[in-house]
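Written out below as C-alpha cells is the structure these notes cover.
Bear in mind these aren't lab numbers, they're just calculated from the coordinates by the rules spelled out. Source: prediction; values computed, not measured. Ideal geometry is used to build each Cβ from the backbone, glycine not excepted, and the neighbour counts take in all protein chains shown.
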Amino acid sequence: MSNSTDGHLVVRSRFVTYCQMGALCVCAAGLLLSAGCSQEQQAVDLYVDAVMLRELNENEMAVEKLNSAVQLNERLPSAHSLLGDIYQETKDYERSAASYEKATELAPRSFKNHFNLGRVYQIMKRFAFAVKAYNRACELKPDHLDAHINAAKCYYEIRDYNNALVAAVRAEQIDPNVSETQKMLGDIYDSQKNYDQAIRSYKRALEIDSNNPGIMTSLAVAYLNTNRNEPAKELLTSVIQIQPDNGTTYQYLGYCYLRLDELEESIESYSRAIEINDNDWEAHRGIGVAYMMRGIDKTNEDEQLKAKLRSEAVWHWHLSLNIKPDQPQRERLLKFIEMYSKENK
C-alpha cells in the first residue's frame, strides 16, 4: 500500500513540475511577443514623429527619428520611403536611391517608390537603373504620363531608341496634347534619322507650345538635315530674337548661312557664338570653313586678303582641335591644315 502511494506521489509531483514548466514557457513566449509588438509600435511612433517634423521643415530631426525607426524595425517601408523623400529634397541622391531601393524591396507594388527611385537615378545620370525603376512604375500605373515620358528620356540617353519610341508613343496615347512628349518623339525620330517624322513631331510640339526656343531649334536642325535651309534660317533667327545670348543657335545659324553660301553672315554668326563661348569647337571649325571658302574664292582677286583669310581659317581649325582633339573627321581637318599651312612657310 505504501509503495503504491509513493508511486502516485512521484507521478503527481512530476506532472505538477511539467505543468509549471509549460506555464513558464507560455509566459516567456508572451513576454517575447509583447516585447516584439512594443518594438514595432515604437518604430511606428518614431515614423509618425518624423512625419510631423518634416511638416515643420525639421528634416535633420526627422532623419534621426527615421533612422531610429528602421533600427527597431528595418522592414518598415514607409520609413525608408520618407528617408528617400527627405534625402532627395536635400539633394543627397546616393542615400535617397538607397532608401528608395529598400522601400521598393519591402513594398514592391508601391508606384510612388519606384517612380521616385527612377527620378533620383535619372538626376544622377544612372539611366540604365532609372529605366528599370520607371518600367516597374509604368507596369503599376499603365496610364501615368510622367512615368512613360521619363522612361522614354532615359532610354534615349542610353541610345536605346526603339524602346524610347515605345515609351514615348505610349505617352502620346495617354495624352497627345503634351509638347514635351512631341518634342521627345521628335528627338527619337531625329536620332533614328527619320527626319520627316521628326519634323512632324516638332511641328506638333510647336502647335501646343508656340515660340518655345528649344523646340524651334530642334525643328531648325531637322530642316538642316533635310536641306531645307531657308525655313531653318527663319526659325533660328526667331530663336535669337527670343534668346540673344544663345550661342548654340548662333552656331547653327552660322552653319545654315554657310550652306546658303552667305559667307559674311556665316562668319558673323560663328563669331557671335565664339564670343558667347570661346570653347565651342564646332563654331571654331565652322568659322574656319567660312574663312577658307572666302580665301579660295576665285572671283576675289585680292590675293593678299585671301592669304590672310586662309591663315585665319587654319588658326581657327587649330583651336577647334585643341578644344576637342577627338572630333569627327579629325584626319580630314588635319590634312586641310597641313595643306594650307605650307603656303605660309
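Tell me, in nm to one decimal, what length is gained between Ile296 and Lys308 on full extension, where the rule is 0.36 nm per residue of separation less the Cα-Cα distance? List each step's numbers first, then the result.
On the way: separation 12, 0.36 × 12 = 4.32 nm, distance 1.08 nm.
My answer for the length gained is 3.2 nm.
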Rounded to whole Hz and in sequence order, give me ³J(HN,Hα) for the range 75-80 from the Karplus expression 6.51 cos²θ - 1.76 cosθ + 1.60, θ = phi - 60°, writing x for Gly and Pro.
9, 10, x, 4, 5, 5
For Lys141, the lysines lying under 22 Å Cα to Cα, once residues fewer than eight places off in the same chain are dropped, come out as Lys102, Lys112, Lys132, Lys153
Taking a crude spin-label model, label points 7 Å out from Cα along the C-beta direction, the Gln241 to Asn211 distance in nm is 1.0
If I fit a long axis through the Cα atoms of helix 281-295 and take the longest principal axis of the Cα atoms of the chain, what angle between them do I get, 0 to 90°, rounded to 10?
10
For the range 152-167, Karplus-derived ³J(HN,Hα) couplings (6.51, -1.76, 1.60; θ = phi - 60°; whole Hz; x for glycine and proline) come out as 4, 4, 6, 4, 4, 5, 8, 6, 9, 5, 5, 5, 4, 5, 4, 5
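Tell me the net charge near Lys233. Cut-off is 12 Å between Cβ atoms, Lys233 excluded, with +1 for each Lys or Arg and -1 for each Asp or Glu.
Numbers: positive: Arg228, Arg259; negative: Glu230, Glu234, Glu262, Glu265.
Surrounding charge for Lys233 is -2.
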Once you put a point 7 Å from the Cα of Ile158 and another 7 Å from the Cα of Gln329, both along the Cβ direction, what distance in nm separates them?
3.3
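When you count, for each residue, the other Cβ atoms within 10 Å and take the mean per peptide, how do 207-213, 194-200, 84-90, 96-102 rank with the highest first?
96-102, 84-90, 194-200, 207-213
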Largest first and in whole Å, what are the equivalent-ellipsoid semi-axes of the chain based on the Cα gyration tensor, each being the root of 5 times an eigenvalue?
72, 22, 18
Taking Cα atoms only, helix 195-208 is inclined relative to the longest principal axis of the chain by an angle, in degrees rounded to 10, of 70
Counting Lys and Arg as +1 and Asp and Glu as -1 over every other residue whose Cβ sits under 13 Å from the Cβ of Leu333, the net charge comes to +1
Using only Cα atoms, tell me the angle between helix 179-191 and the longest principal axis of the chain; keep it within 0 to 90° and round to the nearest 10.
60
3J(HN,Hα) from dihedral phi, the range 306-311, Karplus parametrisation 6.51/-1.76/1.60, rounded to Hz, x for glycine, proline:
5, 5, 5, 5, 5, 5
